[in-house]
1. To the nearest 10 Å², what's THR16's accessible area with a 1.4 Å probe?
2. Using modelled amide H (1.01 Å from N, peptide plane; none on Pro or chain starts), what sits under 5 Å from the amide H of PHE19, excluding residues fewer than 5 places away?
3. With respect to the cross-link table entries LYS112/LYS138; LYS94/LYS130; LYS107/LYS138, which display a Cα-Cα separation exceeding 21 Å?
4. Which of rounded, prolate, oblate describes region 100-182, given a ≥ b ≥ c as roots of the alpha-carbon gyration tensor eigenvalues and a/c under 1.5 marking rounded, otherwise prolate only if a/b is larger than b/c?
5. Sorting check: for 108-118, 145-155, 57-67, 172-182, which peptide has the highest mean count of neighbouring beta carbons within 10 Å, and how do the rest follow?
6. Which whole-number value in Å² is the accessible area per residue of region 62-195, probe 1.4 Å?
7. How large is ³J(HN,Hα), in whole Hz, for each residue of region 88-103 in order, when computed from phi with the Karplus curve 6.51 cos²θ - 1.76 cosθ + 1.60 and θ = phi - 60°, using x for Gly and Pro?
Amino acid sequence: MSLIKCPRCQNQINNTDVFCPKCGYSIKEKDNSQKQPPTPNSSNPPKKKNNGCGIIVFLFFCILFIVFLVKNCSGTKDSSNFTTQQLSKEDSIKNKQKNDSIIKQEKIEEEKFLKSKAGKIHKKHPEWSKEDCISISKNQIWIGMEYEMLVYMRGKPDNVNTSNYGDGPRYQACWHDYDASCFYFGQSQIITSYN
């Protein structure tokens, strides 16, 4: 029986001992490894056989992660789309109310206009613009007004004179009791000048 040193604690032990009595190191495993001939790749640990479980687990978690991202992104789109739809509905309601208010205001103004002197003129002569009817109701005279508007305002003229200067007949209509008594117009009956 010979004594050897424990490779771990360096305690002297019997070579027939399987374990070191001091540190509990397994001497038998050490001896078996010393008895086995060294392999050429003894520095490299033996390779495990790859059965694909690790790859499958990795792919499973990747798919779960992708599903999670898709769900969250589509949820965000749905909520933002809902918000946009909700805002557009609210905007639509506000715009409708605004338009209704404008239409109501226009109707009120139209009714007010029709009750006025200008509105009554416009009822009799719908071919005249509202602005022209307002000017006529204020007894305003302007270049570009029609001869019939003057007749409506003043009645028939005291006299009408015709002349021709080569570009077609020209007319002069005069009212003696008014300032700006004579008006000049062509065949179109649009007043071109007055005095």
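The values are calculated or read from the model by the stated rules, or taken from the named source; none is laboratory data. Computed from a predicted model, the values in this text were never measured in an experiment. Every residue, glycine as well, gets a Cβ built from its backbone with ideal geometry; the counts of neighbours run over all protein chains shown. The protein model used for the area step is the full one, side chains on, heavy atoms only, and it has no ligands, DNA or RNA in it. Shrake-Rupley method; radii C 1.70, N 1.55, O 1.52, S 1.80 Å.
1. Rounded to the nearest 10, that gives 90 Å².
2. ILE27
3. LYS94/LYS130; LYS107/LYS138
4. Note, shape of region 100-182 comes out prolate.
5. In decreasing order of mean packing, 108-118, 145-155, 57-67, 172-182 become 145-155, 172-182, 108-118, 57-67.
6. 74 Å²
7. Values, residue by residue: 5, 5, 5, 4, 4, 5, 5, 5, 5, 4, 5, 5, 4, 5, 5, 4 Hz.
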